[in-house]
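Please treat every number below as a calculation from the coordinates, not as lab data. Nothing here was measured: the structure is a model prediction, and the numbers come from that model. Note that each Cβ is placed from the backbone with ideal geometry, even for glycine, and that neighbours are counted across all protein chains shown.
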Amino acid sequence: MTRPAGPPTPAPDGPKAVSRFEYNLVCVLRFLLGHFPADRGLQLVRAAAARPPCLSATAADLVKDSLAKACVLFLVRAGGWRDERFLRDRQPAGGRAWDRWPSDERALSFSGHVVEFLLWATAERVHETGASWDAPPAELTAADELFFWLAFDACRADGDLVAVLRRKAAFRQNRLLWLTAPAELTDDEEPAPPDFALWCAGTRAVVLECLQPVLTARWLRSERAKGQVGDWRRMRHQGRAEAATLAAFLDAAHAAGRTDLARFVLQTNSVLFRTDLAPDFWTEGLAAGGSPGRLADRLDARRAALAVPRQMDTLSNWQAAARGVGYFDDDYAASQLWKQTWEAADGDAVAARAAAAVAAIDPLRSGQPVAGSGQQADPTPAG
């Protein structure tokens, strides 16, 4: 007995046809998102191509699909998959990112500024072009800022491209870039980081929750590399940018009631201060690189080197305040979450070791000998 013939099976769709320019643009996008060989991607960004009046519907769909999938995948891999507790409406919420937040609050929405950037990066020799492109920071969405942060990271190996991008407001005012590489975004002696208030609420806060492990890793890498810095001016510049950025971010997180978003600062110090650290951990390269003429300059650079340990003063104040919150107070649940985070990181011991390291390098304020001056500074806390 034979089965009745059914409707014919539709043939699978073939590859979508796009123009050569559109193909290059999609390759540039995939390179900036970390899914295309860096050497070939940089070649495309440094090359020029005739720009069409607009993208075809097929190319636009490919761009949207690549952006949405790659950025979500990045956030999931970065930390969104972790079963952790963060604050939601001032109450601790557990689970993975998609468990803690409804889809409408964690959805990534990209603006036309990203497409315009891709058109510019594909059509122009970015490192030497006279054609202008920029995007007003106030018009960028959370997804836009995430994309531009990833794009900057992808181009980091090419100094010429980075020099061009850092002059653009879309990058120069990017909060994620400030939270990972503040010294690269300013040449000022007194850095002025952007306001981080927007990044302590809504979709941006969800992104920061996912990025906590990445932020911790970035700051640890930066701290561990300071011992190789032999340029006093560079160390002072880097430390001042870091101190200004972290202070601005901690102020914004505290004001928004999202101290949990500053977990990476505590985690960075916790990993650094598993044992006592002498100031030479940060400043050994400065001694090898020669000394500036004035003692004040030397001390200024050494103080700046310890910008991250200095933030433990602020976090310690948060812990002291959390201990004073009563059961019937509005912020009791949030304070309990912070105390649990603090205890898991061994915050009391970390704060004491950080304070000892800072005191050892700041003799004019602490009365201790100058570290590296021939006298041994003891970073071990008393008792």
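So here's what we get for this one:
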quantity: Likely footprinting exposure, Thr314, Thr58, fewest C-beta neighbours within 10 Å first; calculated: Thr58, Thr314
quantity: Inter-site label distance for Leu73 and Ala197 at 7 Å from Cα along Cβ, in nm; calculated: 3.8
quantity: Between 0 and 90°, nearest 10: helix 232-255 axis offset from the chain longest Cα axis; calculated: 80
quantity: HN-Hα J in Hz across segment 180-185 - Karplus 6.51, -1.76, 1.60, θ = phi - 60°, x for Gly and Pro; calculated: 10, 8, x, 5, 7, 9
quantity: With at most 11 neighbouring Cβ atoms within 10 Å, loop chymotrypsin sites (Phe, Trp or Tyr not before Pro) (DSSP) excluded, longest segment of the chain; calculated: 1-326
quantity: Amide H within-cut-off set for Arg88, under 5 Å, with H built and near neighbours excluded; calculated: Ala93
quantity: Folded to 0 to 90 degrees: helix 20-32 orientation relative to the chain principal axis, Cα; calculated: 30
quantity: 0 to 90° range, to nearest 10: angle between helix 57-75 axis and the chain longest Cα axis; calculated: 30
quantity: Gain upon complete extension [Asp329, Gln91; 0.36 nm per residue less C-alpha separation]; calculated: 84.4 nm
quantity: Residue among Pro279, Pro194, Pro102 with the largest mean-square fluctuation in a Gaussian network model of the chain, springs linking Cα atoms under 10 Å; calculated: Pro102
